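The values are calculated or read from the model by the stated rules, or taken from the named source; none is laboratory data. Every value quoted in this text rests on a predicted model; they were computed, and no experiment measured them. Here the Cβ positions follow ideal geometry from the backbone for every residue, glycine too, while neighbour counts run over all protein chains shown.
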Amino acid sequence: GGLNDAKKQLQDEMLRRVDAENRIQTLKEELEFQKNIYTEELRESKRRHESRVVEIDSGRQQEYESKLAEALIELRNQHEEQLRIYKDEIEKTYNSK
């Protein structure tokens, strides 16, 4: 009986581990996907802002660049918060197994 119990316990543990590893892989892929979207949005946002900056006279350009910098910082902060949430989720998933 003891050996069979131990085998079953080992099997259950291995299944939980595989499940945790799959979940981590899924979260990593999701994170990579989010990063790619973020990078693309950032690039597009910069491109749009740059094309508008060209239309603005130099007197207003500095003010505009400052607003752009603030917007990019805000975007980066949101992205870092999202990364932190994913990281916490991955750690929680891995540590709970």
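General observations
- Pairs with Cβ under 8 Å, 6+ apart, first in the range 75-87 and farther than 10 Å from Q34 by Cβ and without any contact (Cβ under 8 Å) to a residue 40 or more places away in the chain, second in a helix (DSSP H, G or I) and of a type outside the set (G, A, S): L75/Y38; L75/E41; L75/L42
- Unique residue being at pLDDT 90 or above, surrounded by 11 or more Cβ atoms within 10 Å (Cβ to Cβ) and over 24 Å from K92 (Cβ atoms) when the list is R23, R43, R76: R76
- Residues of the range 21-49 that turn out to be in contact with a helix residue (DSSP H, G or I) (Cβ under 6 Å, 6 or more places away or on another chain) and either among the β-branched types (V, I, T) or touching a residue at least 24 places away in the same chain (Cβ under 8 Å) (or both), as a count: 5
- Residues that are within 20 Å of R84 (Cα to Cα) and charged (D, E, K, R), drawn from the range 5-39: E21, R23, K28, E29, E30, E32, K35
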